[in-house]
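First the structure, in the form of structure tokens, and then the observations on it.
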Amino acid sequence: MLRDSAVQPLLTDFYQFTMAYGYWKCGREDTVAVFELYFRENPLGGQFTIFAGLQECLRFLSKFQLTEEDVQFLQSVLPPTTEEGFYNYLRSIDTSTVTLRAVPEGSVVFPKVALLEVEGPLAIVQLLETPLLTLVNYASLVATNAARFRLAAGPEKRLLEFGLRRAQGPDGGVSASKYSYIGGFDGTSNVLAGKLYGIPLFGSMAHSYITSFTSMSEVKVQTLKAASEGQATVDFVSLCETWLGRVCHLLQVSRDQINSSELAAFTSYAMTYPANFIALVDTYSVMRSGVPNFCAVSLALNDMGYRTHGLRLDSGDLVKQSLKIRSMFQACAKEFGVSWFSDVPIIISNGISEKDLINLQNQRNEVDSIGVGTNLVTCPLQPSLGCVYKLTQVCGKARIKVTEDKGKMTLPGKKTVYRLYDLDGSPFLDLLTLHGESAPKAGEEIHCHVLNGRDDGLQVIAARVEALQLVYYQHGRLSEGPCTTSEIRSYAQNSLNNLHPKHKHLQDAVPYQVAISLKLRDLLNDLTKESEPIARHPE
């Protein structure tokens with residue numbers, strides 16, 4: 001998420017303005033052009049991508065206009081031969097003549113399928129390239145990474161994003177929180193993201209809070225009011241110490257091993273948040289101090305009518321410790337007649353990766369919630385999705401980029417994208433056709449050409465056909481109402497749930513098919529031949 005101050009026309013590459021001047025200089029600035037924004041390969045070794053960033057793109061378009069300060073800055077950096085008329089042109093432009101068609105945000109998407117189609121005056125839509133790429137690339141990558149973490153963890157675990165301190169700057173941090181939530185995470189530690197997007201917030205305590213205490217004498221407030229009205233306020237410090245004795249006896253832990261400063265920290269925090277108590281138990285010894293202290297304070301809270309919210313582990317063998325801690329909770333529940341205590345949530349963190357979650361799912365554990373930071377928000381396995389923004393049509397005529405690297409060749413012309421569904425309700429093919437072609441129909445045989453590098457013809461019959469792109473921005477106004485982050489998150493989860501499991505495997509997934517119509521294939525072949533150099537005959 002980029003703040004309003006950053007989403008502005010100057011958030012672009014310098015050559016966008018030098019090209020815009022070139023268009024203006026030769027009188028082509030108002031020539032109608034079509035660009036497509038897409039990616040060439042699915043990220044992170046998988047076979048799907050979650051499209052994200054559309055709402056920010058729409059916000060950028062709706063606010064696009066150069067200020068006088070912007071123009072004066074450009075005058076200071078462009079060559080002195082740049083004509084004054086160009087700067088007057090820049091003062092006048094906006095996006096009222098731009099149309100943006102897009103796949104709905106949160107959709108599962110695939111290579112070569114345009115996420116955005118931008119149509120409008122050539123100079124203006126050229127200036128939009130870098131900002132739109134900036135807003136889509138990272139957003140879609142993080143949402144996809146989050147979706148993979150969700151698949152690795154399984155549906156039952158609660159996933160929490162803890163990445164703000166590790167993210168690439170404040171804008172990257174807030175973006176990561178938003179798009180991790182869209183990709184399937186349940187909450188964030190990022191307060192600003194919670195405010196801006198309504199993402200549930202989560203937090204407990206840091207090691208510094210615990211190590212700031214040295215003894216119980218530093219707990220200045222001694223009493224706690226019971227949860228129910230009319231019950232007496234009690235000496236909570238003494239109650240915790242009493243419970244500690246009972247817990248140590250049950251768990252066969254020596255009181256001499258208990259760290260009293262940790263007990264003081266837990267007691268203080270519990271009196272501050274009696275209805276929301278969560279403690280970090282690995283500052284000292286987890287089993288000989290952290291867990292007994294946690295149990296004592298939690299059972300004291302139970303006496304006062306409160307229920308603790310969880311325990312967090314941030315080091316060591318997290319799986320092995322979760323099993324031992326659960327057995328200690330169960331022992332306390334049975335011995336002290338507190339049935340809910342068996343199910344106190346266990347939360348883990350500490351450099352969790354996708355591989356760690358796969359391993360966790362494949363072995364017995366008692367983990368309820370998982371905090372993920374660095375490996376989620378920095379996407380270390382792949383730093384960029386690699387979206388590109390390519391010209392496909394000018395003045396109604398198809399354009400193509402032909403290169404020796406066939407993977408970088410563009411698909412020409414303005415296009416329509418259809419998603420074809422099988423009888424089980426899952427999509428099995430995305431079909432790209434030229435704009436104006438007849439739409440494919442459910443129940444009828446469809447002839448197409450698969451984009452897989454081979455000359456593969458394909459005949460399919462779809463149970464349902466869906467036009468994938470919608471007009472979101474036209475005539476300077478939004479054509480579709482804005483979506484909340486929660487709505488996009490729900491759409492993403494439904495889209496991913498509808499995808500066949502064979503395409504969602506984290507290793508060795510089956511590629512999803514993308515195909516082009518026969519008319520588009522013929523146009524591609526014709527333009528490719530036209531672009532080839534004429535063979536020279538020897539004299």
On Cα atoms only, tilt of 260-272 relative to the major axis of the chain in degrees: 70
Whole-Å distance, taken between Cα centres, linking the stretch 69-117 and the stretch 149-163: 37
With 5 Å bins from 0: P(r) over the stretch 359-479, alpha-carbon pairs, percent: 2, 8, 11, 14, 14, 13, 13, 11, 7, 5, 2, 1, 0
Segment LYS406-SER353, extension gain: residue separation times 0.36 nm, minus the distance between their alpha carbons: 15.7 nm
Partner lysines for LYS397 [C-alpha distance under 18 Å; skip if fewer than 8 residues away on the same chain]: LYS414, LYS415, LYS519, LYS529
Amide N proximity, the stretch 267-288 versus LYS225 label position 7 Å along Cα-to-Cβ, cut-off under 17 Å: 270-276
Angle between the chain longest axis and helix 129-153 axis [Cα atoms, degrees, rounded to 10]: 40
Two-decimal Rg to Rh for the chain - Kirkwood Rh, Cα set: 1.10
Segments 339-350, 166-177, 132-143 sorted - mean Cβ within 10 Å per residue, highest first: 132-143, 166-177, 339-350
Spherically averaged projected area of the stretch 159-268 from its Cα convex hull (nm²): 10.4
For the stretch 89-152, the spread of Cα positions along each principal axis, largest first, Å: 52, 18, 17
Loop-located trypsin sites (Lys or Arg not before Pro) in the stretch 1-72 whose Cβ has at most 14 other Cβ within 10 Å (DSSP): ARG3, ARG40
Rg followed by Dmax, in Å, when the stretch 76-122 is reduced to its Cα trace: 17.0, 47
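Using a 1.4 Å probe, what is the accessible area per residue for the stretch 122-194, in Å²?
Accessible surface, normalised per residue, equals 27 Å².
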Distance in nm between pseudo-label sites at ASN362 and MET19 (7 Å out along the Cβ direction from Cα): 4.6
Modelled FRET efficiency - R0 22 Å, ASN276 with GLN330, Cβ distances, 0.05 increments: 0.40
Inter-label distance, nm, simple model (7 Å from Cα along the C-beta direction), LEU192/SER217: 4.3
Compactness relative to 2.2 N^0.38 Å, alpha carbon Rg of the stretch 409-539: 1.33
Gap separating the Cα centres of the stretch 200-251 and the stretch 120-139, nearest whole Å: 55
Extension reserve of the HIS475-ALA232 stretch, reckoned as 0.36 nm per residue once the Cα distance is removed: 80.9 nm
Accessible-area composition of the chain, carbon plus sulfur, in percent [1.4 Å probe]: 49
Sequence ranges 198-210, 71-83, ranked by mean other-Cβ count within 10 angstrom, highest first: 198-210, 71-83
Net length gained if the chain between GLU445 and GLU487 were fully extended (0.36 nm per residue, minus Cα distance): 11.6 nm
Which of TRP243, TRP24 is most accessible, then next, and so on - probe 1.4 Å: TRP24, TRP243
Degrees between helix 68-77 axis and first principal axis of the chain (Cα, 0 to 90, nearest 10): 70
Under 16 Å from the Cα of LYS390 - aspartates and glutamates, other chains or at least 8 residues apart: ASP13, GLU36, GLU41, GLU117, GLU119, GLU129, ASP405
Residues of type aspartates and glutamates that LYS157 reaches as a straight line, Cα spacing below 19 Å, ignoring anything fewer than 8 places off in the same chain: ASP186, ASP314, ASP317, ASP343, GLU354, ASP356, GLU366, ASP368
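The values are calculated or read from the model by the stated rules, or taken from the named source; none is laboratory data. The model shown is predicted, which means the values in this text are computed figures rather than measured ones. Every residue, glycine as well, gets a Cβ built from its backbone with ideal geometry; the counts of neighbours run over all protein chains shown. Quick note on the areas: whole protein, heavy atoms, side chains included, nothing else; ligands and nucleic acids left out. Shrake-Rupley method; radii C 1.70, N 1.55, O 1.52, S 1.80 Å.
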